[in-house]
Every structure is written in structure tokens, then in C-alpha cells.
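Down below is the structure, laid out as C-alpha cells.
Laboratory data are not the source of any read-out in this text; all were calculated from the coordinates shown. Values in this document were obtained by computation on a predicted structure and should not be read as measured data. Counting neighbours? That spans all protein chains shown, and the Cβs are built from the backbone with ideal geometry, glycine included.
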Amino acid sequence: MITVSKLAPALGAEIGGIDVAAPVDDATIAAIRAAWLEHLVLRVRGQSVTDPQLLEFSKRFGELDPPGPNPYGKPFLPQHPEMNVISNIKEGGAPIGNLGDGEAIWHADMTYIDNPPKAGLLFSIEIPPKGGDTFWANMYMAYESLPTQLKAAIEGRTAVHDATYNSAGIKRKGYKEVTDPREAPGARHALVKMHPETGRKCLFLGRRRNSYVSGYSLDESEALLDHLWAHATQPEFTFRQEWRVGDLMMWDNRCTLHRREAFDPNARRLMHRTQIKGDWATATPA
Ligand code: SIN
């Protein structure tokens, strides 16, 4: 059976006793799913996994969700369009992956669509000697610890999740610059959502850039969002992943945010990534 060891007080657990490249039985998948719902972010170390094996393992948790539009307008892995590449490496002057070497600011994946993915899986193939750590934050804790006046300010409110830019600040192909967040293209989501599987309430912020809370003036919305984001991303709600080659991370995209710190542009960082389709249609409104 697998072992599960907590990684940080707020969230994160290490899973031991599993080889992701080998066939995994149903009982083990059920145990991993239970650990994922409890700890929100899982890490499996020391894995050696091919793309088809990562796809097979990912599919055990639900239907694959292909990556959103990238700035270059075509899949990074034409033979596996359902897999994304996160990398700063260029071949023949062209990027082989997304997000470059700068900071990727706090976000949850693809919340600019109505049904964002429920899980992300990220496998490290090459890592820089330093920098490029990834942080996750627990949005159950963020919601539960909100001051009463902030809870009241967001009650029944929705916010726009802008589709224009990715978390590295790069415009997606086909989108125009946004000058007024109230007109940003992208899904409108409730600021507080009920997790479809656990039934717990969590803060659902998605992305700060060009966000706007319905029913407020732009200035009021900006002030409210600044408060919410500062609260939600405070260090005690987070876990820091210091990468090793062969780490596989799997996170619950419904109740976490993540960010990636910058690293040396001359170093190489390469990760392959899958995600699982969301189940928001089955959620009860919070
Ligand atoms: C991401 O933000 O999806 C990528 C995280 C990372 O590069 O570690």
C-alpha cells in the first residue's frame, strides 16, 4: 500500500510506495484520490515516466482536459496534444514550452473557462540548479479564516477571470489587450464555491490580473480584490515545492492557487503536464 506523509501544515503530502510508470491497481488509485482530496497537493518522488505512461496514469483520475490556448497557437507536442509542456528551452530559436523563465504569478489553471480542470499533474524532467520553485496555497483555509467583513463583502458575488494573459503575463494568441477589467473576456465565477466532492467552501480567486467583482465600482472592486489576494496567499496557507528531477506533483485545482518563482534564463527547466476535466456542473452553489 502507499504511504502518505504530510509536507507542510497547510497542505501537501508525499506519496510513497508507488511506481507511476507501472500498472496501478484500483485500490491504490482510490487511496491516492483520498489523499489528494485530504491534502490538496501530492508529490511522488523518484519517478521515471514516459509521456504515454503519464497520460495513462492521469486518465485514472478522470477525462483528460487539453491545455488552453498558448501564445504560439499550436500544441507543443503534436503527437500528444492533450499534454502541455512548461519550459524556457528554445530549439532553433522557438520555445518548446510555455511560461518561459520569469515568475508565473498566483493562479488556478484555466479559470477563465466555465468548467476549469479539477486536477493538474506536473512531471519534472529538467530543473535549474536554483530557483523555479512552485508554491501552492490552500483556498479552504483562506475562506475559513476570512475576516467577517470580507466574508460579507463577497457573499453572493462573482468575479471575472480574464482569459487574455497567462500567468507569466504573456498574451494568448487571438486576444486583445484589456483596458477595463469590467470588459475582460473570460468566465464569471462565484468568489466562494462549494467543492464538488468534499462539499467544503473555498475561496475561488483564479487570477488577479483584470479581475473585477460584480456590483462594485472599479475602485471598490480593486480594493476588495487586493485584500482578498493578500489574505489568501499569506505564507501560512502555502507549501513550497523544491523540485528534483523525477518529481510528479498532482494538485486539486478547485481549492488551491499556485505560483512559480523565476529562475536563471541560462538554466534549463522542462516539465510535462496533464490536467483532468472539471466537475463544476455537479457542484452545489455555496
Ligand atoms: C504552472 O503554473 O502551471 C506551472 C508551474 C511550474 O512551472 O512549476
Query raised in the report: Considering region 1-23 alone, what residues qualify as being more than 14 Å from GLU38 (Cβ to Cβ) and assigned to a loop (DSSP other than H, G, I, E, B)?
Result: MET1, GLY17, ILE18, ASP19, VAL20, ALA21, ALA22, PRO23
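Just to verify a result, which residue in region 249-275, among those that are among the aliphatic types (A, V, I, L, M) and away from the ligand (no atom under 12 Å from the Cβ), is surrounded by the most Cβ atoms within 10 Å (Cβ to Cβ)?
The initial filter retains those residues of region 249-275 that are among the aliphatic types (A, V, I, L, M), namely 249-250, 257, 262, 267, 270-271.
After this cut, where a residue has to be away from the ligand (no atom under 12 Å from the Cβ) as well, the list is 250, 267.
Numbers: MET250: 25, ALA267: 16.
Applying the filter and picking the extreme gives MET250.
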Query raised in the report: Which of the following residues is away from the ligand (no atom under 14 Å from the Cβ), of a type outside the set (Val, Ile, Thr) and out of contact with any Lys or Arg (no Cβ under 8 Å at 6 or more places or on another chain): LYS118, LYS90?
Result: LYS90
Requested in this report: From (1) buried (at least 22 other Cβ atoms within 10 Å of the Cβ); (2) within 14 Å of the ligand (Cβ to nearest atom), pick out the condition that doesn't hold for GLY131.
Outcome: (1)
Query - Residue match in region 210-221 (condition: more than 14 Å from the ligand (Cβ to nearest atom) and among the hydrophobic types (A, V, I, L, M, F, W, C)) - result: yes
Report summary line: Selection over region 233-286 where residues are outside any loop (DSSP other than H, G, I, E, B), over 13 Å from the mean Cα position of the chain (by Cα) and of a type in the set (D, E, K, R) yields a count of 2
Report summary line: Flagged in region 159-209 as within 16 Å of the ligand (Cβ to nearest atom) and out of contact with any helix residue (DSSP H, G or I) (no Cβ under 8 Å at 6 or more places or on another chain), in numbering order, are HIS161, ALA163, TYR165, ASN166, SER167, ALA168, GLY169, ILE170, ARG172, GLY206, ARG207, ARG209
